[in-house]
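Below is one structure, written out as structure tokens, with a few remarks after it.
What follows draws every value from the coordinates through simple rules; no lab data is involved. Everything numeric here is computed off the predicted structure, so don't read it as measured data. Cβ placement follows ideal geometry from the backbone for every residue including glycine, while neighbour counts extend to all protein chains displayed.
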Amino acid sequence: MTAHWQAFLCALQFMTLLPVRLAGMPDAATQARAALYYPLVGLCLGLVLVVAANLLAGLPTAVAAAVLVALWAGLTGGLHLDGLADSGDGWMGGLGDRERTLRIMKDPHLGASGALVLMLQLLLKWSLLNALLEQSLLWPLLLAPLVGRAGALALMVTTPYARADGIAAPFLDQLSPCKALTVVAIAGLALLLLQPLGLLLSIALFWLLRRLMMQRLGGTTGDTLGAQIELLETLMLFSAALNLA
């Protein structure tokens, strides 16, 4: 098995619930290479969503949108939604304090703020998918997961990791910023050609979220990475819906 194929499988295993099995626990170098494939994993998820949307074409769009939201969450095991909910709890309950915010985000229990953020995110995603399906507009389903994970990759190489003891800290040290930003640039070029407004909005949201993370935490965490993925995905759907107006 080549190093790059193993890295891609590692990325699939980490970012999705697809039945991928590796021979053993990947080392830090493999995990670092795997991060370069996160946008490609997003593209694979997008392909699954597009195929599913076509198969659901005979259903009312509201029902099809609900199934797609469930499938979207199921394919990732709710990994990024969990990060969004934890970030919501931490930001609201942290009261501006770094250590308090990190402590709340690490708590496995879901608080009221996290539940509210989670509910609003799923409702917004469903509403946007419903609007796009009514116009048979499926390309945003392909791009949204890719953009979300490209944004996560960009955040990983431009932002310090806030937890010194975090599970991602060892492999982030081995992640090549040059290679990562090249992958992000390729994803950005594709977005520029297909949805320039989406690119501009994504850059703006990336900048805003990174600024908030730096101000509150002095860096990023696994939870804030997941939150950013979710928010960038929804923003892509929103930018596509704006074109329908």
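In whole Å, what is the distance between the alpha-carbon centres of segment 96-141 and segment 25-83? Value for the Cα centre distance between the two parts: 15 Å.
Among 80, 4, 109, the order by Cβ neighbours within 10 angstrom, fewest to most, reads 109, 4, 80. Fewest-first ordering of 186, 229 by other beta carbons within 10 Å of each residue's beta carbon gives 186, 229.
Both the radius of gyration and Dmax for segment 103-204 are 17.0, 47 Å, in that order, over alpha-carbon atoms. Overall, the ratio between the Cα radius of gyration of segment 1-79 and 2.2 N^0.38 Å, rounded to two decimals, is 1.29. Binning the alpha carbon pair distances of the chain at 5 angstrom intervals from zero yields the distribution 1, 7, 14, 18, 19, 18, 13, 7, 3, 1, 0, expressed in whole percent.
Take the Cα radius of gyration of segment 43-85 and divide it by 2.2 N^0.38 Å, N being the number of residues; the result is 1.22. Every Cα-Cα pair in segment 54-134 was counted, and those over 22 Å apart are 37% of them.
Selection among 161, 108, 94 by position relative to the dipole of segment 8-163 gives 161 as farthest towards the positive end (Cβ unit charges, Cα centre).
Here the dipole of the chain is about 300 debye; that uses its Cα centre as origin and unit charges on the Cβ of Lys and Arg (positive) and Asp and Glu (negative). Given the Cα-Cα distance of residue 62 and residue 14 and 0.36 nm per residue of separation, how much length would full extension add, in nm? Working it through step by step, the gained length comes to 14.2 nm. Our summary gives the chain a relative contact order of 27 percent, counting only alpha carbon pairs under 8 angstrom and 6 or more residues apart.
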